[in-house]
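The values are calculated or read from the model by the stated rules, or taken from the named source; none is laboratory data. The structure presented is a predicted model; accordingly, all values stated were derived computationally and were not measured. As a convention, Cβ positions derive from the backbone with ideal geometry for all residues, glycine included, and neighbour counts pool all protein chains shown. Heads up: the accessible areas ignore ligands, DNA and RNA and are worked out on the full protein's heavy atoms, side chains in. Shrake-Rupley method; radii C 1.70, N 1.55, O 1.52, S 1.80 Å.
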Amino acid sequence: MTVFFPLDTARLRLQGVVNVLLTTPLWVVNTRLKLQGAKFRNEDIVPTNYKGIIDAFHQIIRDEGILALWNGTFPSLLLVFNPAIQFMFYEGLKRQLLKKRVKLSSLDVFIIGAISKAIATTVTYPMQTVQSILRFGRHRLNPENRTLGSLRNVLYLLHQRVKRFGIMGLYKGLEAKLLQTVLTAALMFLVYEKLTATTFTVMGLKSAHKH
């Protein structure tokens, strides 16, 4: 029998929502400052001229309204489910392997951790693409509806992305994102399983845990 420390997913999602609402303004400013001065081929992008963090906040609120600081909130809220998808596939793959062997090796844990994160990242990546576009917020797009965080604009941007670049346009930069996240997630699951096994050993429950 495999013993798994149950995660309170509802609480984690709530914490994720609170984190998104509190940190989105910082991400919006961070994204714009990072892209400031970059040369874009897209003529729909409006250039920015910020002197720093404070000036960026001031200009955004003055020119676009305070709600512009929460551009990209809707896709960010959807991305809260990324860890849930990751753990769902991890536990599913783990159960399948445990049907064929007594215990999982460190390599097994590393591989299924990497696979589960790769799946979660691939599934949610289009939302991350739209999230970045909305955070930058300097596009002359969909002028009849300037509520950039709405579901309508998310769908509009997805449609425009596919129309301009094809379906693969939703996955531009995915390779770099996978390299960034998959290794980290694989190592995280490896450490998690080792800590779990150690905890059960200390508690005298080693026989109940297969890893």
Out of (1) among the β-branched types (V, I, T); (2) closer than 23 Å to K177 by Cβ; (3) at pLDDT 90 or above, the odd one out for I53 is which? (2)
If we take the stretch 51-134, then helices (runs of 4 or more DSSP H) inside it with 1 or more residues that are farther than 30 Å from P25 by Cβ and open to solvent by 50 Å² or more (accessible area, probe 1.4 Å) are 82-98
What residue, among those in the stretch 105-143 that are under 26 Å from R32 (Cα atoms) and among the aromatic types (F, W, Y), is modelled with the lowest pLDDT? F136
Is there a residue in the stretch 144-151 that is out of contact with any helix residue (DSSP H, G or I) (no Cβ under 7 Å at 6 or more places or on another chain), assigned to a loop (DSSP other than H, G, I, E, B), within 30 Å of I66 (Cβ to Cβ) and modelled with pLDDT under 80? yes
Looking only at the stretch 185-211, and only at residues there that are loosely packed, with under 13 Cβ neighbours inside 10 Å and modelled with pLDDT of 85 or more, the one that is farthest from Y125 (Cα to Cα): L195
Hey, R11 hits all of (1) among the basic types (K, R); (2) at pLDDT 85 or above; (3) in a helix (DSSP H, G or I); (4) open to solvent by 80 Å² or more (accessible area, probe 1.4 Å) but one; which does it fall short on? (2)
